[in-house]
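Student: Have a look at this one.
The values are calculated or read from the model by the stated rules, or taken from the named source; none is laboratory data. Note that the structure is predicted; figures quoted are calculated from it, not measured. Heads up, the Cβs are rebuilt from the backbone with ideal geometry, glycines too, and the neighbour counts pull from every protein chain shown.
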Amino acid sequence: MREHYRVFFGFKREPFSQDIRVEDMLKHAGLVGVKERFLYAVNLGAIAVITGDVGSGKSSALRFASATLHPSEYRVLYVTATSGTIAELYKQICHALNIEVKGSSKVMLSRTIMRIPAMANSCSGGMANT
C-alpha cells in the first residue's frame with residue numbers, strides 16, 4: 001500500500017532515499033542557495049552551520065554543495081550525533097581522519113587536532129584544506 005505513490009507519480013525508484021545521487025537531485029532554489037553559501041564559506045576559509053528539522057535535507061544539501069570540491073584539495077568529514085562537548089567533536093574528527101588518539105583529555109585531543117594541517121601537508125598528494 002505504501003508503494004502506490006510510486007505508481008501514481010510514475011517513479012522508477014524511491015525518490016526520498018538518503019543515498020540519491022547528486023546528479024539526480026532536484027536543483028531547487030533552496031538547494032542552490034545552500035550550495036552558494038557553502039562555497040562562499042569554503043572560499044573564505046570560514047566555518048558555516050546548517051540547521052533544520054530532522055529529514056529536511058541538510059545532509060543531502062551538503063552532499064550537493066560539496067560535490068563540486070576537488071577531492072585532491074578537500075576532504076569532507078561527516079561528524080554527527082555529538083554529545084555537545086568539544087572533546088567529543090575532536091574525537092569524531094580524529095576518527096573521520098583515521099588518526100589514532102592516545103589519551104582522551106581535551107588538551108590531548110586539541111593538540112592532535114592542531115597538528116592535522118601539518119600531517120595533511122606531509123602526506124603524499126597532501127590535502128590543502130580539511
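Student: Just the residues that are part of a loop (DSSP other than H, G, I, E, B), free of Cβ contacts under 8 Å to residues at least 40 places away in the same chain and hydrophobic (A, V, I, L, M, F, W, C), please, taken from the range 65-86.
Tutor: Those that are part of a loop (DSSP other than H, G, I, E, B), free of Cβ contacts under 8 Å to residues at least 40 places away in the same chain and hydrophobic (A, V, I, L, M, F, W, C): L69, V76, V79, A81.
Student: List the pairs whose first member sits in the range 1-30 and is in a loop (DSSP other than H, G, I, E, B), whose second member is not small (G, A, S), and whose Cβ atoms are under 6 Å apart, counting only residues at least 6 apart or on separate chains?
Tutor: Within 6 Å, the pairs are M25/F64.
Student: What is the one condition in (1) surrounded by 14 or more Cβ atoms within 10 Å (Cβ to Cβ); (2) modelled with pLDDT under 80; (3) under 26 Å from K27 (Cβ atoms) that T80 does not satisfy?
Tutor: (1)
Student: What are the residues in the range 34-64 that are under 23 Å from P15 (Cβ atoms), part of a helix (DSSP H, G or I) and either out of contact with any helix residue (DSSP H, G or I) (no Cβ under 9 Å at 6 or more places or on another chain) or in contact (Cβ under 8 Å) with a residue 40 or more places away in the chain (or both), if any?
Tutor: Answer for the range 34-64, where residues must be under 23 Å from P15 (Cβ atoms), part of a helix (DSSP H, G or I) and either out of contact with any helix residue (DSSP H, G or I) (no Cβ under 9 Å at 6 or more places or on another chain) or in contact (Cβ under 8 Å) with a residue 40 or more places away in the chain (or both): S59, S60, R63, F64.
Student: Tell me, yes or no, whether the range 87-98 has at least one residue that is surrounded by 11 or more Cβ atoms within 10 Å (Cβ to Cβ), part of a loop (DSSP other than H, G, I, E, B) and at pLDDT 80 or above.
Tutor: In the first step, residues of the range 87-98 are kept if they are surrounded by 11 or more Cβ atoms within 10 Å (Cβ to Cβ); the result is 87-97.
Now restrict to residues that are part of a loop (DSSP other than H, G, I, E, B): 97.
When the remaining residues are screened for being at pLDDT 80 or above, the result is 97.
There is at least one residue in the range 87-98 that is surrounded by 11 or more Cβ atoms within 10 Å (Cβ to Cβ), part of a loop (DSSP other than H, G, I, E, B) and at pLDDT 80 or above.
Student: What are the residues in the range 50-70 that are over 24 Å from F16 (Cβ atoms) and exposed (fewer than 10 other Cβ atoms within 10 Å of the Cβ), if any?
Tutor: Of everything in the range 50-70, just one residue is over 24 Å from F16 (Cβ atoms) and exposed (fewer than 10 other Cβ atoms within 10 Å of the Cβ), namely H70.
Student: How about the range 34-77: which of its residues are out of contact with any Leu (no Cβ under 8 Å at 6 or more places or on another chain), at pLDDT 90 or above and among the hydrophobic types (A, V, I, L, M, F, W, C)?
Tutor: Correct list: L39, A41, L44, L62, A67, L69.
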